[in-house]
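Any read-out appearing in this document is the output of simple, stated calculations on the displayed coordinates, not a laboratory observation. Quick caveat: nothing in here was measured; it's all calculated off a predicted structure. Cβ coordinates were reconstructed from backbone atoms using ideal geometry, including for glycine residues, and neighbour counts include every protein chain displayed.
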Amino acid sequence: MTLSSLLSQLPSALRKLDPRHLWRSPVMFIVLIGSVMTTIIAIANPSTFAWVVTVWLWLTVVFGNLAEAVAEGRGKAQAASLRAARTDVMARRINAAGVEESVAGTELRKGDRVVIEAGETVPGDGDVVEGVAAVDESAITGESAPVIREAGGDRSAVTGGTKVLSDRIVVQITSAPGETFLDRMIALVEGASRRKTPNEIALSILLVALTLVFLLAVATLRPMANYAHAPQSTLVLIALLVCLIPTTIGALLSAIGIAGMDRLVRVNVLAMSGRAVEAAGDVSTLLLDKTGTITYGNRQASRFVAAEGVTAEQMRDAARLSSLADQTPEGRSIVELALAEGADDSDLPNGATFVEFTAQTRMSGVDLTGGRLVRKGAGSSVAAWVGRGMDPGVQATIDEISKSGGTPLVVAETDAKGSRVLGVVHLKDVVKEGMTERFAELRRMGIRTVMITGDNPLTAASIAKEAGVDDFLAEATPEDKMAYIHKEQEGGRLVAMTGDGTNDAPALAAADVGVAMNSGTSAAKEAGNMVDLDSDPTKLIDIVGIGKQLLITRGALTTFSIANDVAKYFAIIPAMFLLTFPSLKGLNIMHLSTPTSAITSAVIFNALIIVALIPLALRGVAYRPASAATVLRRNILIYGVGGVIAPFVGIKLIDLIVSTIPGIG
Amino acid sequence: MSDTTGGLLTIAALIILLAAVHKPFGDYMAHVFTSAKHWRVEKRIYRVLGVNADSEQSARSYTVSVLGFSLISIVVLFLILVGQKALPFDRGLPGMPWDMSLNTAVSFVTNTNWQSYSGESTLGFAAQAGGLVIQNFLSAAVGIAVAIALVRGFVRSRSGELGNFWVDLVRGTIRILLPLSFVAAILLVSQGVIQNFGDHTVHALTGGTQVIPGGPVASQESIKELGTNGGGFFNGNSSHPFENGTPFSNLIELFLLLVIPVSLTRTLGTMVGSRKQGYAILGAMTFMFGAALAVVTWAEAGMHSQAAQLAGGSMEGKETQFGSWASSLFATATTGTSTGAINSAHDSLSPTGGGTVLVNMMLGEVAPGGVGAGIYGILVMAVVTVFIAGLMVGRTPEILGKKIGTKEMTYVALYTLSVPAIILVGIGLAIALHGTPGYMNNPGSHGFSEVVYAFTSAANNNGSAFAGITVTSHFFQISLAAAMLLGRFIPIALVLGLAGSLAKQGKVPVTAGTLPTHTPLFASLLVGVILLVTGLTFFPALALGPLAEALS
């Protein structure tokens, strides 16, 4: 963040001086009242001291507003680019008679059907009910590669403002005008619909209570001071009050909230409410779909096991041969594995014909010239093809692979010498790189990971073990997912999950944090409280981190703000009473030059620290996954102990400068 | 034996005794409040009260019971005091003036035992034993009941019920306070504390006669300390030889006033199923107590002024039989708990010593605090700590499996606000009106400290005083009564509200991401938060009073 970006937000910071706006933050409202009072005092009894204090009190309020304005400014830029996508388009609606008519996009209602052809903009949110098309969603996701949207299944949702690149689709509109996804997105990034979150309210209550205590402490100080024959001016008492009340956190609180949402937007996740972001920090169970999240999603060849009497090279080459023309992911992975194990990179020999997989043969392979036939397939089919029972050695390998959750693929050949089984390819789900480490990290943070899969329990257990998840749900139906979520919530745990299908919708709604994939159905997007524009299920882990970071930032700045007060007392109290009680000189441990410079320095520090912390409030406190005790120790040291020490140094430095001003020093 | 040796021996004996007793006694108290069985005598009482002892109360109903019971107690005690002339054993004394009666009734029902009268010359035995002593028991039992209700709030899940106040009150009195104070009274009698029903007229050496006031002292003395009440039979309180005559009786009294607050940490640990949680709380309490004791002892036993050096010790206002060490210990213990009994004149403590016992009360009396009040007070501060620290680990703050949300925070914030507000407003009022006769008329920092002490003591339900100011004016009688009343029952109502809202919640399981609240780190944070909140609230008042005195 640069100085110029701060200055550019100055006008909106000044607009926020409206008391009706500041009322939302009671702490800053008190500062506003104080500023007005000191202004009146300074006008009535002008002095350098009074004016300096007045100006800095006003600056305190402005700096607080500035923090909020800067935080909002970042969202506004994004909203503007989204608005550009919301051009008014004409829609081709199919009326009851089945005839196309041209209407404005804003007149579409739920249930209307519209036709969209290549080159046209989607007029509103809806589900494809006919056809398939390539859609450019870059206006929303920022991703330029087109995506396929088709009728039926989990890829049927289209979003208003996106562009159809090919073909023709019929879309059934699912949202009313003004309530489209794009509209909601704009409102969200602008912070227009921002409400205080539960934790923010709880913190505000604490801050208000502290403010009231300080208000009383300062208000009763007046008669006490009079009694001690050391009467204090209202100006000094207001300065003391503003320094004591938690202005730092009071000024930055809303900026922290807005910036937290903004950080999510930056990773292309839209949270429908701040509450959801907070809940993400509290999540203690993550339900992760196996496919696409934990594993690459396709079974891949992991090793070749040659049969007795067959060399490893023979097996490898035969397996490669059988798969060269096979375009399935499994086939490609066999070729890749063979290459990795040293096979040559030659093409299929001339005259070879590819034998495709069919439901009847349950095998695929290749027929070479010269009568050599190579096949790969399920054990029983291959055994039938070879014409005799499986060797015990090969059968043992098949059983072992099945038991470990993998899929055995048997390779066999027939040539002049007859038919024989060459060996077995071990196909298995491959866990994505780095996932095991991330799960370990999550475990240290106290989060349980649960793998959801349609696989049988045996396969599921094996992958769960390899990936290092804490639990798994095999042969999972939507009902099972719901039951699992309810079980976890019953025990007081907060659950987060991702989903894209319509059948995920109930579970997404039940989960505390439900992240719907943007590629998914509108039902899923309705049900979740976050939408991931990149449709990347692994992002759930980042979301949890952002939620935690938001809460940590709030806590750290609160601690810092309160810890600051110690130094301010040591600056102001001796300054107030030094003349009457020379003995209090012992409290002036900073050796501030004069009473007026001490008070001025404290007030200036109090204002400047807000500006100094704006970048931190926006960026968030650094968060590395670790156990709660470790994180706490670190943050207490930085923001608690640091919060006590920093103002002593800061106030002293400011005093050195301020004390040179005539009339103060 | 030198003063120092005696003091160190007393401290050592006290630590050994408390260490030995707090586990079994704490577990016993946990059993008392969780057992389903009623004693026969208890059943009889429930029948008389018309209470269904097996029913449970919601937070609201529990609160209404506490407040209703206390209100009736105040009225009854007020009538006894005003009309003591009509009672037997009145020693021929008239009824108390109405404002003093009101002050005293509130004082004893709120477990404060602030005494704006001199016991031996104002009260008959019926008023002492029948009025004050009964409240010594009941007000202590109320405190324990509220603490137990809060602990139940942490223990229970999705219930909202906090137990039955009447059962807690009766059990606390019959199973805990009565038997212990009975044994203690006998021990005290063995140390020369008197127990009789008459004043004695003696012929003095010079030929004249003197009336030595007597009375049922030991029975009052034991519950006075055990229930952290502190209202002495005599004006001299525990410095009077008939109340506290030997170093051993002094040790017994110290033990009595610490035993329940200390053991309740064990009760907490046992009831919530985390003994370590009890130790963490006890650790925080012990640290604050130890620090206060060290400062007071340093200030009182050290020879920091020329006068003290010449005299061989700062003995003004202290009993020679106790000396500086045992007096410092007693002063720390009586202000760290909400007792307010004294064995030396706090007004005569050095500025540093007096300031420290004042701070001890300002901390909210949580080191280790009054019976019940100490544990619920520190638990509320633990919630504040957990709220700030919990955010810093990136979760909605939770303690003992309960989340601290908006509702809980409201109760806690109001709690932290209430007592300081009462103290500050009270001091402000007294000072603002100081020119008016009958308000404040003592000069200088020390006069100011006396007023600060009076309101701090009243609002925290301590009851000890920097005497020296005249508190018998209407203003002080009534304003201090108000401070005691509000300082007792606003926090209680808020604590019960908090307990109810905690009990309604389910339990959040503990994970590696949960902020541990049973560790030394948390205990030190807790101490830090308590010191910071207190310091920030009272720094100006302290600067103008004890600090200005101490630094001069």
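Projected label points at B:Gln210 and B:Leu49, each 7 Å from Cα along the beta carbon direction, are separated by 4.6 nanometres.
All alpha carbon pair distances within the range B:181-253 were sorted into 10 Å bins beginning at 0; the resulting P(r) in whole percents reads 22, 50, 21, 7, 0. Only Cα pairs under 8 Å and 6+ residues apart enter the sum, and on that basis the relative contact order of the range B:197-295 stands at 15 percent.
Remark: relative contact order (chain B) = 20 percent; criterion is Cα-Cα distance under 8 angstrom and separation of 6 or more residues.
Between the range B:381-433 and the range B:1-66, the alpha-carbon centres lie 27 Å apart. Peptide packing for A:528-539, B:188-199 was compared via the average number of neighbouring C-beta atoms within 10 Å per residue; ordered from the highest value, the list is A:528-539, B:188-199.
Projecting label points 7 angstrom from Cα along Cα→Cβ for A:Asp534 and A:Arg444 puts them 2.2 nm apart. The local environment of B:Val142, defined by Cβ-Cβ distances under 10 Å, has a net charge of 0 under the rule Lys, Arg +1 and Asp, Glu -1.
Let me know the mean shielding of B:407-419 by other chains, meaning the per-residue number of their Cβ atoms within 10 Å of its Cβ.
4
A simple count of charges around A:Asp536, restricted to other residues whose Cβ falls under 12 Å of its Cβ and scoring Lys, Arg +1 and Asp, Glu -1, yields -4.
Taking other residues whose beta carbon is less than 14 angstrom from the beta carbon of A:Arg316, and scoring Lys, Arg as +1 and Asp, Glu as -1, yields -4. In the calculated pair-distance distribution of the range B:373-551, the portion above 22 angstrom amounts to 52 percent of the Cα-Cα pairs. With helices as the sole contributors, the protein assembly as shown gives -18500 deg cm²/dmol at 222 nm; each DSSP H run of n ≥ 4 counts as -39500 (n - 2.57), and the sum is divided by every residue.
For the protein assembly as shown, take the alpha-carbon Rg, divide it by the Kirkwood Rh, and send me Rg/Rh.
Values: Rg = 38.5 Å, Rh = 35.0 Å.
Rounded to two decimals, Rg over Rh is 1.10.
Here chain A has an Rg and Dmax of 33.8, 118 Å, counting Cα atoms alone. If R0 equals 51 Å, the separation of the Cβ atoms of B:Met303 and A:Ser273 corresponds to a calculated FRET efficiency of about 0.15.
The lysine pair tally for the range A:332-489, using Cα distances under 26 Å and a gap of 8 or more places or different chains, is 13. Partners of A:Lys16 within straight-line reach, counting lysines whose Cα lies under 17 Å from its Cα and excluding those fewer than 8 residues away in the same chain: A:Lys76.
Extension gain, A:Thr580 to A:Glu437, is 45.0 nm, computed as 0.36 nm per intervening residue step minus the present C-alpha separation.
Kirkwood Rh over Cα pairs of the range A:503-581 into Stokes-Einstein at 25 °C, 0.890 mPa s: D in µm²/s? Each step should come with its number before you reach the end.
Numbers: Rh = 16.2 Å.
Result for D is 151 µm²/s.
Remark: mean inter-chain Cβ contacts per residue of B:506-518 equal 6, using a 10 Å Cβ-Cβ cutoff to other protein chain atoms. A compact globular protein would have a Cα radius of gyration near 2.2 N^0.38 Å; the ratio found for chain B is 0.93.
Taking amide H atoms as placed 1.01 Å from N in the peptide plane, the amide H of A:Ala91 lies under 5 Å from those of A:Val103, A:Ala104, A:Gly105, each 5 or more residues away in sequence or on another chain. Were the residues from A:Arg619 through A:Ser166 laid out at 0.36 nm apart, the gain over their Cα-Cα distance would be 159.0 nm. Counting Cβ atoms of other protein chains within 10 Å of each Cβ in A:282-289 and taking the mean gives 2. What the Cβ-Cβ distance of A:Asp399 and B:His38 gives, at R0 = 51 Å and to the nearest 0.05, is a FRET efficiency of 0.15. Under the simplified labelling scheme, the B:Ile186-A:Gln360 pair shows an inter-label distance of 10.3 nm, with each label point 7 Å from Cα along Cα→Cβ.
Quick check on packing: order A:614-622, B:69-77 by the mean number of other C-beta atoms within 10 Å, highest mean leading.
Per-residue mean Cβ counts within 10 Å order the peptides as A:614-622, B:69-77.
As a length-normalised measure over Cα pairs under 8 Å and 6 or more apart, the relative contact order of the range B:373-551 settles at 31 percent.
For a straight C-alpha distance cut-off of 19 angstrom, the aspartates and glutamates reachable from B:Lys85 (same-chain residues fewer than eight places away being disregarded) are B:Asp99, B:Glu120, B:Asp199.
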